[in-house]
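What follows is calculated from the coordinates using simple rules that are stated; it is not laboratory data. Treat the numbers as computed from the prediction; the structure is a model and nothing was measured. Glycine gets a Cβ as well: all are built from the backbone with ideal geometry, and neighbour counts include every protein chain shown.
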């Protein structure tokens, strides 16, 4: 008998959307459980912890953002927000509340399942005593050093801190606010020009084609994402 795949919790108040998601996700090998409200989603996440959550923001009781905030008080399960809201402010609010990724409706099944696979691959916490190899890059977290093609890359302390934060959250969008708050402090969260300058330097040092980066991606108006 075939063993069930990774469990994914779908929280959406529309029955037709839940059926579509169940069909899409089961075809990709997931076991699916459903909830039509935020409170029921929280209860299911607590009693039968999933490996991933797909969350709509327009829920009839708590609302998706409030469910996400409450979930983040006790769980770090990867959450992909799936919603009709397309504004940059909506995306930033969801990501700042703890979402790991954001896809808008209508969505492509291939993109959705690819993003979920990327979330599953992402290691949420790295042992900083070891090296991590991604493509031609090798990162030594203990020594705070990065190699590219076997050659040590000279990064400034700030460049390394930004790069490390993106790598540690690879596959996940890290917002401008999150980066600035973590690395510069809460008083500097409006100064996104700092990040643009450092990202330009990182791409010049680490990407084969800085104008068309493979790994260090920009999510326009929202933040950055490291892609393996």
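With one equal scatterer per alpha carbon and no solvent term, the Debye-computed log10 I(q)/I(0) for the range 131-226 at 0.19 1/Å reads -0.89.
Relative to its residue count, the range 43-82 spans a Cα convex hull of 61 Å³ per residue. The three principal axes of the Cα atoms in the range 22-67 give end-to-end lengths of 30, 22, 13 Å, sorted in falling order.
Which values of log₁₀ I(q)/I(0), to two decimal places, follow from the Debye formula for the chain at q = 0.10, 0.13, 0.18 Å⁻¹ with a uniform point scatterer at every Cα? Log10 I(q)/I(0), no solvent term: -0.50, -0.81, -1.32. For the chain, the share of DSSP beta bridges that are antiparallel, to the nearest 5, is 55%.
Computed across the range 68-176, the Kirkwood hydrodynamic radius from all distinct Cα-Cα pairs reaches 15.7 Å. At R0 = 35 Å, how high is the FRET efficiency between residue 113 and residue 43 if r is their beta carbon distance? Nearest 0.05 is fine. Step by step, r from the Cβ atoms, then E = 0.85.
When each of 215, 193 is scored by the number of other beta-carbon atoms lying within 10 Å, the sequence from fewest to most is 193, 215. The distance between label points at residue 212 and residue 20 comes to 3.2 nm (points 7 Å beyond Cα on the Cα→Cβ vector). Stretched out straight at 0.36 nm per residue, the stretch from residue 157 to residue 13 would grow longer than its current Cα-Cα span by 47.2 nm.
On full extension, the segment bounded by residue 194 and residue 165 gains 8.9 nm, given 0.36 nm per residue less the C-alpha separation. Computed from the Cα positions only, the extents of the range 1-121 along the three principal axes stand at 44, 30, 29 Å, in decreasing order.
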